[in-house]
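In what follows, a structure is listed as structure tokens, so that the remarks can point back to it.
The values are calculated or read from the model by the stated rules, or taken from the named source; none is laboratory data. In this text, all values refer to a predicted model and were calculated from it rather than measured experimentally. In this analysis, Cβ positions are derived from the backbone assuming ideal geometry, glycine residues included, and neighbour counts consider all displayed protein chains.
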Amino acid sequence: MGRWVSQLSSTTRSGKAPADFLGKNAGRKIAARALTTISFPMMKTFRTALLASFALVAALSARAETVPPTPAPEWKLKDVDGKVVSSADFKGKVVVIDFWATWCPPCVAEIPGYIALQKKYGKDGLVMVGISLDQKGPSVVKPFMAKMGINYPIVMADEDTPAAFGGVEAIPTTFIIDRAGMIRDRKLGAEEVESYEQRLLVYLQK
């Protein structure tokens, strides 16, 4: 594990995206779980805390739970081109809201799976929506989207949206909203796409 910690440290110090590290080690479970979550306090001292936490949480699984149906908050946010995207745009759809950032290894590790889910189930009413917490905004997120081939909407978070979802203390934090606009599932941390797909199907088939 120490060798991969060193590699990740190097990519962080050089300013490269965590995607570079994960891409080179895509076949290794330890890469997919480079960090299960990154908490907001860690964001302030990301480079130091990332290495300290890497060995501690690399083997942990995501924490997912079915929650009592709760009305999803309404929101209006701008995408990377400055266009306003609204929760109302997705009425009647099964919506996955993913709070993430480009510098978050577990967030990046999940994106290929989300791309595949959107491609597979978009015709059935699935809409993946990424809410980016990148402080540098579209200048970082837009080229990242192009590099990854993201095929679903990405919007930039404001100060109010995480709180509206009950508080987002770490990323990735992901919600499933059913066709009636109710939050039904909350996930903290990265999860294998196959298991997440099974939970999604419960709501897509209704």
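I'd like to check something: does the stretch 128-150 contain any residue that is under 25 Å from K91 (Cβ atoms), assigned by TED's automatic domain parsing to the domain that holds S86 and surrounded by fewer than 18 Cβ atoms within 10 Å (Cβ to Cβ)? The answer is no, given that none of the residues of the stretch 128-150 is under 25 Å from K91 (Cβ atoms), assigned by TED's automatic domain parsing to the domain that holds S86 and surrounded by fewer than 18 Cβ atoms within 10 Å (Cβ to Cβ).
Scanning the stretch 65-78 for residues that are assigned to a strand (DSSP E or B) and buried (at least 18 other Cβ atoms within 10 Å of the Cβ) turns up just one, L77. For the stretch 79-106, filtering for residues that are more than 18 Å from K142 (Cα to Cα) and assigned to a loop (DSSP other than H, G, I, E, B) leaves 3.
Could you go through the stretch 95-105 and let me know if any residue there is over 19 Å from D160 (Cβ atoms) and surrounded by fewer than 17 Cβ atoms within 10 Å (Cβ to Cβ). The answer is no; no qualifying residue exists. None of L50, L60 is modelled with pLDDT under 95 and more than 20 Å from T174 (Cα to Cα) except L50.
Just one of (1) part of a loop (DSSP other than H, G, I, E, B); (2) within 10 Å of the chain's Cα centre (by Cα) fails for A109. It is (1). For the stretch 175-197, the criterion of being over 18 Å from P71 (Cα atoms), buried (at least 20 other Cβ atoms within 10 Å of the Cβ) and in contact with a Gly (Cβ under 8 Å, 6 or more places away or on another chain) is met by at least one residue. Surrounded by 14 or more Cβ atoms within 10 Å (Cβ to Cβ) and without any contact (Cβ under 8 Å) to a residue 40 or more places away in the chain: is that true of Q118 in this structure? Considered against the rule, which asks whether it is surrounded by 14 or more Cβ atoms within 10 Å (Cβ to Cβ) and without any contact (Cβ under 8 Å) to a residue 40 or more places away in the chain, Q118 comes out as yes.
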